[in-house]
Amino acid sequence: MHSLPFTAEPPSTGAVERDSVAGDVSGLPSPASRADRAPVDFDVIIAGCGPTGAMLAAELRLHQVRVLVLERETEPVSFVRIVGLHIRSIELMAMRGLLERIREHGRQRPAGAYFAGIDKPAPAGLDSTYAYLLGIPQPVIVQLLEEHAIELGAQVRHGRAVAGFVQDDDGVTVELADGEQLRTRYLVGCDGARSTVRKLLGVGFPGEPARTETLMGEMSVGVSQEEVAAKLAEVGETNRQFQLRPFGAGVYSVVVPAAGVSDRAEPPTLEDFAQQLRATTGTDFGVHSPRWLSRFGDATRLAERYRVGRVLLAGDAAHIHPPAGGQGLNLGVQDAVNLGWKLAAQIRGWAPQALLDTYQAERHPVAEEVLDNTRAQVELHSSGPGPRAVRRLLAELMDFDEVNRHLLEKITAIGVRYDFGEGPDLLGRRLPDLDVKQGNLYGLLHRGRGLLLDRTERLTVGGWADRVDQLADATAALDLPCVLLRPDGHVAWIGDDQQDLDDHLSRWFGRPN
Ligand SMILES: Cc1cc2nc3c(=O)[nH]c(=O)nc-3n(C[C@H](O)[C@H](O)[C@H](O)COP(=O)(O)OP(=O)(O)OC[C@H]3O[C@@H](n4cnc5c(N)ncnc54)[C@H](O)[C@@H]3O)c2cc1C
């Protein structure tokens, strides 16, 4: 497999960069540069059909963008890594009309007790209709998101790995592992922690290497559930390095430290798990019949840039961290919803200057925070007397509602506030689902368009009506005159003045028609 040489475009300067779409001639490539290049096959090629890639494909299809997803694996992976979807991701599923379908396959659990596993209930009165955790295995989420993307018109090809690419002024030529070449306007690397796209792009991935490794697997135990529970109660208080979670019918998810067991290069064995269980708990619970066994590390890294020219990164390709609090998949899905409409706007030709660069400006700091909270949680899971004392202290502090709420808003991402400049606290935050005359607010965001909630019945989206919907008399629950929502559900403007509204419509949705 050989890689095409990668030619980095100069960093984006914030200058208007448009595709060659009708009605806009500012960025048309010169005839000479076009003539010697293959015609564009797709608007966007996505490397990787994990949760991030599948969600991004669906978001782009809401805007009729021609999308191809290339997935290296032929079969879905069987690892059931995920705890579940946290509140903001559940809200996003509701915003895109996917929640009913996903909920059928999941189990609702209480939203609390995910920060370092400190056992405190979620604070009362959380500002969300969806204040729970939706437990659902990762392969099921991926399958549902992929089906959804395909229904919307995305093409997904399995067993096709991206091996190289070269970008130029008006597109990217992507080379697959089998040598096939495809031409696209943009390439997005959603190809996971070891991202080929990120490596070929030469983007730095600074952070900390893995300090510890953990074994995780699913297997049957040879003792009763009561015996397992009794042992966990006895050992779990002082030793937080292992976990056994029942899946029913004697099957457990088992997590144990990997230190001291077989060669890292080899896949873990059932005997590795048994040995580690004996070392940490004094018994191996008679484990047998493994369904799958895996190993993961606690490396923490963040890509220096999310975009170089026409190539972007999202999900684990852009950030990795220990699974504490169960945030990685959620973060990737949220990246996808932030990026989708912006990239679509760029391709459709209406993106205002530098809109695409707001993807990194908004999402990089969010990932930085997640990395930091997982670092803190890892320390709180350590079994030394110091970390255990800090953990007890934090548990006491979490009895204060505000502390508990702050930590829960971090883990569930409902506390995210993008920096849109000076303004009321709601500016830049997501709007929770609300009852409106026409039903519920999120039901109006299924198409991934902007939305003006107008109580004044004086304002209008005018020439932006092809990108932004308008709802009169809808914000009774908000007690605000007028709110402009972006397609990702974040508040882009609050006010009651038409000129001010027009300025903000231009800022987010480009020139009016
Ligand atoms: C033990 C464990 C527990 C976890 N628990 C949780 C949890 O509870 N909650 C949570 O939110 N997150 C959790 N995570 C993290 C979560 O699994 C990841 O963050 C998530 O899978 C990232 O999604 P992604 O789509 O960005 O990347 P991935 O899921 O890694 O998907 C990348 C895809 O790209 C494909 N690919 C790779 N290279 C190429 C290529 N060159 N060309 C084409 N395709 C390619 C891969 O086959 C893969 O399908 C956990 C992780 C671990 C290890």
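The value given for segment 106-183 is a Kirkwood hydrodynamic radius of 16.9 Å, derived from the mean inverse Cα-Cα separation. The protection proxy used here, the mean number of other Cβ atoms lying within 10 Å of each residue, ranks peptides 420-430, 324-334, 384-394 as follows, highest first: 324-334, 420-430, 384-394.
Our note on the geometry: Cα centres of segment 277-356 and segment 147-200, 17 Å apart.
For the pair L232 and D497, the difference between a 0.36 nm per residue extended length and the Cα-Cα distance amounts to 89.3 nm. Inter-label distance, R291 to V223: 2.2 nm, where each label sits 7 Å from its Cα along the C-beta direction. Alpha-carbon geometry of the chain: the Rg and the Dmax are 24.0, 75 Å, given in that order.
Diffusion coefficient of segment 360-513 by Stokes-Einstein, Kirkwood radius over Cα pairs, 10 °C, 1.306 mPa s: 89 µm²/s. Spatial offset of segment 357-391 relative to segment 207-261 amounts to 23 Å, using the alpha carbon center of each. Accessible area per residue for the chain is 43 Å², calculated with a 1.4 Å probe on protein heavy atoms, without ligands, DNA or RNA.
Full extension of the chain segment joining E266 with H105 gains 54.6 nm, where the gain is 0.36 nm per residue of separation less the Cα-Cα distance.
Enter the angle in degrees (range 0 to 90, nearest 10) between the Cα long axis of helix 270-281 and the first principal axis of the Cα atoms of the chain, meaning the one along which they spread out most. It is inclined by approximately 70 degrees. In order along segment 369-380, phi translates into HN-Hα couplings of 5, 5, 4, 5, 5, 6, 4, 4, 5, 4, 4, 6 Hz, rounded to whole numbers, per the Karplus curve 6.51 cos²θ - 1.76 cosθ + 1.60 with θ = phi - 60° and x for Gly and Pro. Across the chain, C-alpha contacts under 8 Å between residues 6 or more apart give a mean separation that, scaled by the residue count, equals a relative contact order of 18 percent.
The angle between the Cα long axis of helix 51-61 and the main principal axis of the chain comes to about 20°, on a 0 to 90 degree scale. Pairwise Cα separations in segment 134-268 fall into 5 Å bins from 0 onward with the following percentages, short to long: 2, 7, 10, 13, 13, 14, 12, 10, 8, 6, 3, 2, 0. Each label was represented as a point 7 Å from its Cα along the Cα-to-Cβ direction; for E304 and R278 these points are 4.8 nm apart. Annotation for R417 and E151: the two label points, set 7 Å from Cα along the Cα-Cβ direction, are 3.7 nm apart. Annotation: amide H of A116 within the under-5 Å range of G325, sequence separation 5 or more or interchain, hydrogens built in the peptide plane.
With a cut-off of 11 Å between beta carbons, the residues surrounding Y114 carry a summed charge of +2, where Lys and Arg count +1 and Asp and Glu -1. Taking GluC sites (Glu not before Pro) across segment 112-216, the ones in a DSSP loop with at most 12 further Cβ atoms lying within 10 angstrom of their Cβ are E180. Taking the longest Cα principal axis of the chain as reference, the axis of helix 328-348 is set at about 10 degrees.
If you take the alpha carbon atoms of segment 179-233 and fit the smallest convex hull around them, that volume is 221 Å³ per residue. Here the gap between L397 and E208, fully extended at 0.36 nm per residue and compared with their Cα-Cα distance, gives a gain of 65.2 nm.
For segment 154-260, with all protein chains in place and a probe radius of 1.4 Å, 50% of the accessible heavy-atom surface sits on carbon or sulfur. For the peptides 91-103, 340-352, the ranking by packing is 340-352, 91-103, with the highest mean count of neighbouring Cβ atoms within 10 Å listed first.
The values are calculated or read from the model by the stated rules, or taken from the named source; none is laboratory data. These numbers were taken from a predicted model, which means no experiment stands behind them. Backbone-built Cβ (ideal geometry, glycine too); neighbour counts: all protein chains shown. The accessibility values were calculated without ligands, DNA or RNA, using every heavy atom of the protein model including side chains. Shrake-Rupley method; radii C 1.70, N 1.55, O 1.52, S 1.80 Å.
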